[in-house]
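Student: Dropping a structure here in structure tokens format, bear with me for questions.
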Amino acid sequence: MTSATADLFELTDEQREAQRLCREFAQREIRPISLEVDEADTDMPWEVWYKAAGLGLTAFMLPEEFGGGGLTDTLSQCIVQEELCWGCSGIGNLITSNGFFAKPILTLGTDEQKRRWLEPLTGDRPPLGALATTEPDVGSDAASIQTTATRTAGGYTLRGQKTWISNGGIAEAYVVFATVEPGSRSRGVTAFVVERDDEGVSFGEPMRKMGQRAIVNTEMFLAEAFVPEDRRLGDEGQGFKGLMKTFDESRIVLASAATGLARAALEYAVDYARTRVQFGKPISEHQAVAFRLADMALRVDASRLLVWRAARKADAGEDVHLEAAMAKLHASETAMWCTWAAVQTLGGWGYSREYPVEKWMRDAKLEEIEEGTSDIQRLIISRRLLAR
């Protein structure tokens with residue numbers, strides 16, 4: 001990160017210490033195993049998960065009252081996310097994934113529910129949690145959720161299918177979004193906590209993916225799954241509001257993850273260009289390469305500034321629907337472009353799996369898809385502009 005960016009936002013001593021800790025952890029524990037985890041494909045890297053938990057990195061974003069690290073502000077989460085994903089975006093996003101599970105519970109849950117599902121996440125060997133929103137026919141249009149929740153004696157019966165569930169099958173608890181009023185779109189969406197061993201809950205085989213393989217993804221099947229009433233988060237119909245609030249903040253944090261990935265590509269390309277000699281001089285002295293590096297640096301800094309602006313506004317309690325979309329769009333496309341540029345700079349070696357840049361390019365593609373595609377972010381931005 002450039003010092004100019006840090007000075008502009010005046011980070012606290014606590015934020016700088018978190019930044020240093022995460023950078024060292026990424027260098028020492030994440031980078032050395034990143035390619036191995038990628039090759040393992042669908043294996044959960046439990047060892048690095050527990051090492052991160054031992055340092056408090058898996059629960060730093062949870063409130064102190066539940067045993068977490070208390071860095072609940074969005075900017076601190078972005079600082080941590082960028083450093084971990086500089087090491088490896090898949091492993092970095094895995095380490096902080098319980099924060100995404102916790103957000104709807106913090107937003108909608110009662111004190112008892114928060115203690116019930118958040119306190120276990122703060123130990124040295126914490127379980128995994130997960131969100132279950134996406135369905136085979138429901139992606140960006142979350143209001144059209146088809147999984148149903150029907151009232152029965154003492155609770156609800158859930159029926160439906162979820163897909164692309166991060167930590168699917170290995171997480172112990174899932175925040176599942178279902179509708180209590182089919183056909184009503186957002187009005188009926190309600191959130192529930194479903195536990196892995198509940199009757200009627202099952203999972204498909206892990207999906208084989210292009211990148212970010214440190215996170216296991218599966219389908220989730222709900223076949224007459226009974227959920228007691230005390231597992232409902234908030235009132236009926238409040239789920240969509242909670243989901244949108246979760247998306248606004250998670251998009252900012254994911255934008256910081258993309259920024260970390262783009263920064264890794266930039267730094268690697270710069271180091272390579274300084275030492276690779278062609279036509280009698282380092283390729284960094286050839287204008288075509290030098291200008292590409294300049295464009296990479298420009299995009300990385302612009303992404304971070306957009307991320308931190310959105311984070312500051314979120315922490316001030318302001319509406320960040322527009323700023324979150326801008327940050328997510330720019331940072332995700334920057335990650336894709338910068339990893340392409342790194343591959344291009346390394347030439348033939350960039351295409352080799354012996355070097356990390358081809359993996360980073362595969363990892364980057366997810367950033368343009370998850371939590372709302374680039375098309376959806378442009379839709380959000382344009383609607384806000386035209387509504388003025």
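The values are calculated or read from the model by the stated rules, or taken from the named source; none is laboratory data. Source: prediction; values computed, not measured. Glycine gets a Cβ as well: all are built from the backbone with ideal geometry, and neighbour counts include every protein chain shown. SASA here: full protein model, heavy atoms, side chains in, ligands and nucleic acids out. Shrake-Rupley method; radii C 1.70, N 1.55, O 1.52, S 1.80 Å.
Student: Considering only residues that are in a helix (DSSP H, G or I), open to solvent by less than 20 Å² (accessible area, probe 1.4 Å) and modelled with pLDDT under 95, which ones fall in region 1-38?
Tutor: Correct list: Thr5, Ala6.
Student: Still on this structure, please answer the following. Going by what's in this entry, would Leu131 be described as closer than 16 Å to Val194 by Cα, in contact with a Pro (Cβ under 8 Å, 6 or more places away or on another chain) and among the hydrophobic types (A, V, I, L, M, F, W, C)? Write out each step before concluding.
Tutor: Details: closer than 16 Å to Val194 by Cα: yes; in contact with a Pro (Cβ under 8 Å, 6 or more places away or on another chain): yes; among the hydrophobic types (A, V, I, L, M, F, W, C): yes.
In short, yes.
Student: Of everything in region 280-329 that's of a type in the set (Lys, Arg) and in contact (Cβ under 8 Å) with a residue 60 or more places away in the chain, which residue is most open to solvent (accessible area, probe 1.4 Å)? Spell out how you get there, then give the answer.
Tutor: Step one: list which residues in region 280-329 are of a type in the set (Lys, Arg), which gives 281, 292, 299, 304, 309, 312-313, 328.
In the following step, the residues that additionally are in contact (Cβ under 8 Å) with a residue 60 or more places away in the chain were identified as 304, 312, 328.
Working: Arg304: 3, Arg312: 100, Lys328: 3 Å².
Filtering first and then ranking leaves Arg312.
A quick yes/no check of all residues on (1) under 13 Å from the mean Cα position of the chain (by Cα); (2) farther than 21 Å from Gly242 by Cβ:
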| residue | (1), (2) |
| --- | --- |
| Gln77 | yes, no |
| Leu84 | yes, yes |
| Lys103 | yes, no |
| Leu106 | no, no |
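Student: Gln212 versus (1) outside any loop (DSSP other than H, G, I, E, B); (2) touching a residue at least 60 places away in the same chain (Cβ under 8 Å); (3) within 30 Å of Glu368 (Cβ to Cβ): which is the lone unmet condition?
Tutor: Condition not satisfied by Gln212: (1).
Student: Could you tell me whether region 256-268 includes any residue that is open to solvent by less than 40 Å² (accessible area, probe 1.4 Å), modelled with pLDDT of 95 or more and charged (D, E, K, R)?
Tutor: Within region 256-268, the subset open to solvent by less than 40 Å² (accessible area, probe 1.4 Å) is 256-266.
In the following step, the residues that additionally are modelled with pLDDT of 95 or more were identified as 256-266.
Filter once more, so that each one left must be charged (D, E, K, R): 263.
Checked against the condition, which is being open to solvent by less than 40 Å² (accessible area, probe 1.4 Å), modelled with pLDDT of 95 or more and charged (D, E, K, R), region 256-268 yields at least one hit.
Student: Could you run through region 30-80 and say how many residues are under 28 Å from Thr218 (Cβ atoms) and of a type in the set (Asp, Glu)?
Tutor: Counting residues in region 30-80 that are under 28 Å from Thr218 (Cβ atoms) and of a type in the set (Asp, Glu) gives 6.
Student: Here are some conditions: (1) open to solvent by less than 60 Å² (accessible area, probe 1.4 Å); (2) more than 30 Å from Thr12 (Cα to Cα); (3) not hydroxyl-bearing (Ser, Thr, Tyr). Glu354 meets all but one. Which one does it not meet?
Tutor: Condition not satisfied by Glu354: (1).
Student: Of all residues being without any contact (Cβ under 8 Å) to a residue 40 or more places away in the chain and open to solvent by 10 Å² or more (accessible area, probe 1.4 Å) in region 57-68, which is farthest from Glu14 (Cα to Cα)? Just the residue, please. Walk me through it before giving the result.
Tutor: Taking region 57-68 as the starting set, the residues that turn out to be without any contact (Cβ under 8 Å) to a residue 40 or more places away in the chain are 57, 64-65.
Retained after the next criterion (residues that are open to solvent by 10 Å² or more (accessible area, probe 1.4 Å)): 64-65.
Details: Glu64: 15, Glu65: 18 Å.
So, considering only residues that are without any contact (Cβ under 8 Å) to a residue 40 or more places away in the chain and open to solvent by 10 Å² or more (accessible area, probe 1.4 Å), the one farthest from Glu14 (Cα to Cα) is Glu65.
Student: Among the strands (runs of 3 or more DSSP E) contained in region 80-197, which hold 1 or more residues that are surrounded by fewer than 21 Cβ atoms within 10 Å (Cβ to Cβ) and touching an Asp or Glu at 6+ places or on another chain (Cβ under 7 Å)? So that I can check it myself, show each step before the final result.
Tutor: Values: elements: 129-132, 148-152, 155-166, 173-179, 189-195.
So the answer is 155-166, 189-195.
Student: Name the pairs whose Cβ atoms lie under 8 Å apart, with the first residue in region 173-185 and in contact (Cβ under 8 Å) with a residue 12 or more places away in the chain and under 8 Å from Ala149 (Cα atoms), the second among the polar types (S, T, N, Q) and open to solvent by less than 20 Å² (accessible area, probe 1.4 Å), and 6 or more positions between them or separate chains?
Tutor: Once the first residue is in contact (Cβ under 8 Å) with a residue 12 or more places away in the chain and under 8 Å from Ala149 (Cα atoms) and sits in region 173-185, its partners that are among the polar types (S, T, N, Q) and open to solvent by less than 20 Å² (accessible area, probe 1.4 Å) give Ala178/Thr147; Ala178/Thr190; Thr179/Thr147; Thr179/Thr190; Val180/Thr190.
Student: For region 226-246, check the following and say yes or no: at least one residue is among the hydroxyl-bearing types (Ser, Thr, Tyr) and at pLDDT 95 or above. Walk me through how you get there before you give the answer.
Tutor: As a first pass, look at region 226-246 and keep what is among the hydroxyl-bearing types (Ser, Thr, Tyr): 246.
Add one more test, that the residue is at pLDDT 95 or above, and what stays is none.
No: zero hits.
Student: Out of region 218-235, which residues are charged (D, E, K, R) and surrounded by fewer than 17 Cβ atoms within 10 Å (Cβ to Cβ)? Break it down stepwise before answering.
Tutor: Residues of region 218-235 that are charged (D, E, K, R), as a first pass: 219, 224, 229-232, 235.
Of everything in region 218-235, those that are charged (D, E, K, R) and surrounded by fewer than 17 Cβ atoms within 10 Å (Cβ to Cβ) turn out to be Glu224, Glu229, Asp230, Asp235.
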